[in-house]
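Input: a single structure, listed below in structure tokens.
The values are calculated or read from the model by the stated rules, or taken from the named source; none is laboratory data. Just so it is clear, the model here is predicted, and its values are computed rather than measured. FYI the Cβ positions are ideal-geometry reconstructions off the backbone, even for glycines, and counts take in every protein chain you see.
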Amino acid sequence: MTALTQISLDVNGERVDAHVLPRLNLADFLREHLQLTGTHVGCEHGVCGACTVRVNGEIVRSCLMLAVQTHGASVQTIEGLSDSGEIADLQAAFRDRNALQCGFCAPGMLMAAQDLLKQHAEPDRKLIREHLSGNYCRCTGYHAIIDAVETTARRRMRREL
Amino acid sequence: MKASAFSYARATSVGDALELLVAHGDKAKVLSGGQSLMPAMNLRLISPELIVDIGELAELRGIAVRGDVLNIGALTRHVDLLNSPDIAAHAPLLTEAIAHVAHPAIRNRGTLGGSLAHADPASELPACMVALNAIIIIRGQAGERRIAAEDFFTGIYETALSAQELLVAVELPVTKKESAHFFFEFARRHGDYAIAGLAAQAIMAGGRLGGLRMAFFAVGDRPVLARAVNKLVNVTITPAALADAATALGEELDPQDDQQAPASMRRHLAKVLMARCASALLGRPELNAGGLV
């Protein structure tokens, strides 16, 4: 049973069929099998948040999920969110505010930030900090990231008025 | 690191999962949300030969109120508990505690049953189960066992669950009108492991505490239901009575030393939590004025 297991899933809107070993986690599946290297692998035990992706619309740690568990699921990576334009304004705000430096945490940070903005149109800084508390950044000191998320929330609110 | 190789079986029913567990014993591990199991496997702290994935067993998911009992399926995720109006109405202690369990992406996968079966002494949910006087429901091939939460946790990562059994649900008594709760934990960062924490459930009787269950976590090898609270029940609590109870609590606890905090600091923080809890439940700020311990 350590043999390859067949899985079918949807990744960024495209159907993917693959044979994977049970031990393969979702992050490595995305990076090594599908060459979607925007999902970063940091701590590999759920602490740093760099590997955050969406599974069935909800953010998860892709290092703590097996590829075999995604059979039948819909997965969205940073490439999907980026290419669809869903987070273009958030990415622009990150750039404008210097909310990324080395960029290692940025994909996971953007995933978590967009997750928050989908649930709360007008989050205050405390809520932003809380929602991003599972994502480590070792460059920016976080303030610029909070600024970028807050700015994006305000701009989206104005656009909707 | 990456998990070492293992075999994988997706259980199609509780019966199917039990058959696999009976056949493979402690060489198998049950995969629920995976938010404790996967880190342990990636760190090579454990290397099970077989993973039994119960994630598809819809019968183990969900929250239901039946009379004065709240039934929560083992596969109910933290995010489901957090957003459930039934939990907020009937076990508000849980709603408050869940916000301290890790981070949103973890709460989207982690399950109640998984957290209880894992039995990390620093976890919030085992302590909540003890405070709320929960019954843990376990199924094996011979049938069902019901164990009080207090007796379920037996040590660090140790429970009354055998390798051939599955934790399927918990039952909580619906909280009464006159009940009140308190939850607080000291942690280095919101969502991190607690250095010391307290989940408490009380029954208010005028200006007194008619009943009180204080379950401390991260201060022992399992959630600790403090006996010292007996000194606070059905009495008018004075600062002297509280100091007396805190001293008794300090003697009762046997906290561990680790890289997060020495035992003496944990003992101190537990006493601080006791004072904060009594003060908050009774609405008497002077009881938490400091100088207690």
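Filtering A:PHE29, A:PHE104 for residues that are within 14 Å of chain B (Cβ to nearest Cβ) and either closer than 27 Å to B:ALA40 by Cβ or not polar (S, T, N, Q) (or both) leaves a single hit, A:PHE29.
If you go through region A:35-50 and keep only what is in contact with a strand residue (DSSP E or B) (Cβ under 6 Å, 6 or more places away or on another chain) and either more than 8 Å from chain B (Cβ to nearest Cβ) or under 16 Å from B:SER4 (Cα atoms) (or both), you end up with just A:THR39. Restricting to region B:176-193, and then to whatever is more than 17 Å from the chain's Cα centre (by Cα) and away from chain A (no Cβ under 14 Å), can you tell me which residue is nearest to B:LEU273 (Cα to Cα)? Here the residue is B:ALA180. Against the list (1) away from every other protein chain (no Cβ under 14 Å); (2) part of a helix (DSSP H, G or I), the condition A:LEU117 fails is (1).
Only one of the numbered conditions (1) in contact with a Lys or Arg (Cβ under 6 Å, 6 or more places away or on another chain); (2) within 29 Å of A:VAL11 (Cα to Cα) is violated by A:ALA144, and that is (2). For region A:13-26, filtered to residues that are surrounded by fewer than 22 Cβ atoms within 10 Å (Cβ to Cβ) and facing chain B (nearest Cβ under 8 Å), the residue that is farthest from the chain's Cα centre (by Cα) is A:LEU21. You will find that of B:ALA122, B:ALA199, B:ALA142, B:ALA187, the residue that is among the hydrophobic types (A, V, I, L, M, F, W, C), assigned by TED's automatic domain parsing to the domain that holds B:PRO255 and out of contact with any helix residue (DSSP H, G or I) (no Cβ under 7 Å at 6 or more places or on another chain) is B:ALA187 and no other.
Residue-wise test of (1) over 22 Å from the mean Cα position of the chain (by Cα); (2) more than 12 Å from chain A (Cβ to nearest Cβ); (3) of a type in the set (Lys, Arg); (4) assigned to a loop (DSSP other than H, G, I, E, B).
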site	(1), (2), (3), (4)
B:MET1	yes, no, no, yes
B:THR12	yes, yes, no, yes
B:GLY25	yes, yes, no, no
B:ALA40	no, no, no, no
B:ARG44	yes, no, yes, yes
B:ILE51	yes, no, no, no
B:GLU56	yes, no, no, yes
B:THR95	no, yes, no, no
B:ALA102	no, no, no, yes
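Among the residues of region A:51-71, those identified as more than 9 Å from chain B (Cβ to nearest Cβ) and more than 8 Å from the chain's Cα centre (by Cα) are A:ASN56, A:GLY57, A:SER62, A:ALA67, A:THR70. Scanning region A:135-147 for residues that are of a type outside the set (Val, Ile, Thr) and at pLDDT 95 or above turns up A:ASN135, A:TYR136, A:CYS137, A:ARG138, A:CYS139, A:TYR142, A:HIS143, A:ALA144, A:ASP147. Test A:LEU90 against the criterion of being more than 9 Å from chain B (Cβ to nearest Cβ), in a helix (DSSP H, G or I) and over 12 Å from the mean Cα position of the chain (by Cα), and give yes or no. Yes: the conditions hold for A:LEU90.
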